Amino acid sequence: MLGGLEKGKPMKQPERIEIDLEAQASYVYYSDADVAETIDVLRDGAVAADLDAKGNVIGIELLGFESDVIECARGYAASHDLGFPPGLNGSFVA
């Protein structure tokens with residue numbers, strides 16, 4: 001294994017992404033499972049992860065498009081063997 005990822009095994013990619021420019025928020029969906037727990041990944045919920053009952057990541061919520069918020073979410077996704085949308089890069093304008 002390499003950094004938690006089995007060699008040759010592709011990362012799970014997002015099923016869909018929702019972006020709300022007015023609210024400056026986005027949500028990256030990896031599953032439609034029921035949410036059992038939400039954890040703060042970055043200060044005051046700027047990045048939060050929804051987990052199912054087995055602790056699998058269902059989705060990642062980002063409040064803001066600042067580079068530190070996006071990079072935190074990207075790093076969290078990678079640490080859980082999840083792909084992260086490359087187009088989510090902070091260059092959005094409402």
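What follows is calculated from the coordinates using simple rules that are stated; it is not laboratory data. Predicted model only: the values in this text are computed from it and were never measured. No Cβ is skipped: glycine too gets one built from the backbone with ideal geometry, and neighbour counts run over all protein chains shown.
For the residues D81, D44, D68, a GNM of the chain with alpha-carbon springs under 10 Å puts the largest fluctuation on D44. Spin-label pair R43-E18: with each label point 7 Å from Cα along the Cα-Cβ axis, the two points sit 2.6 nm from one another. The shape of region 42-88 comes out oblate: with a ≥ b ≥ c from the C-alpha gyration tensor, a/c is at least 1.5 while a/b does not beat b/c. When exposed loop sites are taken as GluC sites (Glu not before Pro) in a DSSP loop with at most 15 other Cβ atoms within 10 Å, the longest stretch of the chain clear of them is 23-65.
The relative contact order of the chain comes to 27 percent, based on Cα pairs under 8 Å that sit 6 or more residues apart.
Of the labelled figures (i) 1.18; (ii) 0.99; (iii) 1.05, only one reflects Cα Rg over 2.2 N^0.38 Å as derived from the coordinates, namely (iii). Counted by neighbouring Cβ atoms within 10 Å, the residues V57, V35 run from fewest to most as V35, V57. Once the trypsin sites (Lys or Arg not before Pro) in DSSP loops with at most 11 neighbouring Cβ atoms within 10 Å are cut out of the chain, the longest remaining piece is 8-53.
Under a model in which nothing but the beta-carbon of Lys, Arg (+1) and Asp, Glu (-1) is charged, region 16-79 shows a dipole of about 240 debye around its Cα centre.
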